[in-house]
Amino acid sequence: MGAAAGQAPGSRSRRRGGVESASTRSVGALTRCPACATSMPAKMVDDHLGSQVCESQRKWRAQQHSRTQAAAWTALCVDNGRTLHLNASIADQQDEQARADAAARIAMGAALGVSVVDEFVTEHEEATILEYVRSSDLRESSFNGRHMGCKWGVDCDLYTRKTYEATRELPEVLQNIMARFKSVAALATPARTDWTPNEANAIWYDARHGGHFLGAHVDDRFMSKGPIVNLSLGGDCVMTYEREREQDATTGRLQLKSIPPELPAALQTVRVHLRRRSLQVMDKVVRYRFTHEIRAEDFLSDARCSITFRHSPVTEHGEMRPRGPTLY
Ligand SMILES: O=C(O)CCC(=O)C(=O)O
Ligand SMILES: [Fe+2]
């Protein structure tokens, strides 16, 4: 017979008619296994740790946790769990319920790898960077959409798959901002200690009159390591993430790329409001399983400028970065 609903496999009820049995009372102090959290007499823990029972209990609890989390996060989405809107900052919310909702969205964003820090730069810094970009050699670009652009730092050649030392150093005005990145929680995790941005590109969108936009794309998974960081200046917009599809190895059918089990399985679209002066970190699931784009109708002002920071290790002599998708 299987375990009762909500009861871990292999666990037996220790209660008979609501009264603790004599055998339970005599086994000594109970403790929780540090690996699987099952309650047991302290003297049994050493034998139990690492056993198959411990392993299956741990898996079972992780599965239960993922299911509960996915259900809670599905409730935050619209369109039957397919679309998530991320834009709420906790401080803006009027009541307790709205604050709890905003906190849950931020937690879901973090699990997806999206986090946004509003007012990351001051109005004065925004004006200084905009002035610097305006006076730089902005050129028309049709790479990933239609807009104007320029770049600094190491030189990634996406065609030869090589990254060369910088010929045009990152300007001081951007280095001052980069010095503050370690204050951002998503960039200060142990997994990110070796993330050191050495490349930045500016994109200038003349959205209303120039018909500019950012086409759906994924930043190269081999040329740049770890997160992609975007600073928004001069105007607000909404960025759209769309889950990528891949061919199933056996059926040949196109299916949604896998995402961790605690995220809603149906999730396809994530829309993120990027306010001017905010800093967005794009990492983990959205970085490797979703494309990102800014549709022409999603610019909320005439113009917007973004600065995107990446860490792109310089390739050794003769080395080439591979092409194609990779796992994270
Ligand atoms: O404009 C933005 O915020 C994003 C730019 C971007 O995705 C890129 O440069 O790869
Ligand atoms: Fe990008």
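Structural remarks
- Residues (among the acidic types (Asp, Glu) and either touching a Cys at 6+ places or on another chain (Cβ under 8 Å) or buried (at least 19 other Cβ atoms within 10 Å of the Cβ) (or both)) located in the range 262-283: 283
- Residues that are out of contact with any Gly (no Cβ under 8 Å at 6 or more places or on another chain), over 19 Å from residue 314 (Cβ atoms) and open to solvent by 50 Å² or more (accessible area, probe 1.4 Å), drawn from the range 144-185: 172, 176, 179, 180, 182, 183, 185
- Residue match in the range 149-169 (condition: within 19 Å of the chain's Cα centre (by Cα) and either outside any helix (DSSP H, G or I) or more than 16 Å from ligand 2 (Cβ to nearest atom) (or both)): no
- Meets criteria (open to solvent by 40 Å² or more (accessible area, probe 1.4 Å) and within 15 Å of ligand 2 (Cβ to nearest atom)) for residue 199: no
- Evaluation of residue 119 against (1) open to solvent by 30 Å² or more (accessible area, probe 1.4 Å); (2) touching a residue at least 40 places away in the same chain (Cβ under 8 Å); (3) within 25 Å of residue 264 (Cα to Cα) (one fails), failing number: (3)
- Look at the range 147-172: where a residue is under 29 Å from residue 209 (Cα atoms) and a partner is assigned to a loop (DSSP other than H, G, I, E, B) and open to solvent by less than 60 Å² (accessible area, probe 1.4 Å), sitting 6+ places away or on another chain with Cβ atoms under 6 Å, you get 147/212; 148/138; 150/136; 150/138; 152/170.
- The residue pairs whose first member lies in the range 48-72 and is touching a residue at least 40 places away in the same chain (Cβ under 8 Å), whose second member is surrounded by 14 or more Cβ atoms within 10 Å (Cβ to Cβ) and among the hydrophobic types (A, V, I, L, M, F, W, C), and whose beta carbons are closer than 7 Å, counting only pairs six or more residues apart or on different chains, are 57/8; 57/36; 60/8; 61/8; 61/36; 70/263.
- Residue in the range 73-88 that is in contact with a Cys (Cβ under 7 Å, 6 or more places away or on another chain), at pLDDT 95 or above and open to solvent by less than 30 Å² (accessible area, probe 1.4 Å) present: yes
- Residue 226 being surrounded by fewer than 14 Cβ atoms within 10 Å (Cβ to Cβ), in contact with a strand residue (DSSP E or B) (Cβ under 9 Å, 6 or more places away or on another chain) and at positive phi: no
- Residue 265 vs. criteria within 16 Å of ligand 1 (Cβ to nearest atom), in contact (Cβ under 8 Å) with a residue 12 or more places away in the chain, assigned by TED's automatic domain parsing to the domain that holds residue 132 and over 24 Å from residue 183 (Cα atoms): no
The values are calculated or read from the model by the stated rules, or taken from the named source; none is laboratory data. Predicted model only: the values in this text are computed from it and were never measured. Glycine also receives a Cβ, built like all others from the backbone with ideal geometry; neighbour counts cover every protein chain displayed. These accessible areas exclude ligands, DNA and RNA; they are computed on the full protein's heavy atoms, side chains included. Shrake-Rupley method; radii C 1.70, N 1.55, O 1.52, S 1.80 Å.
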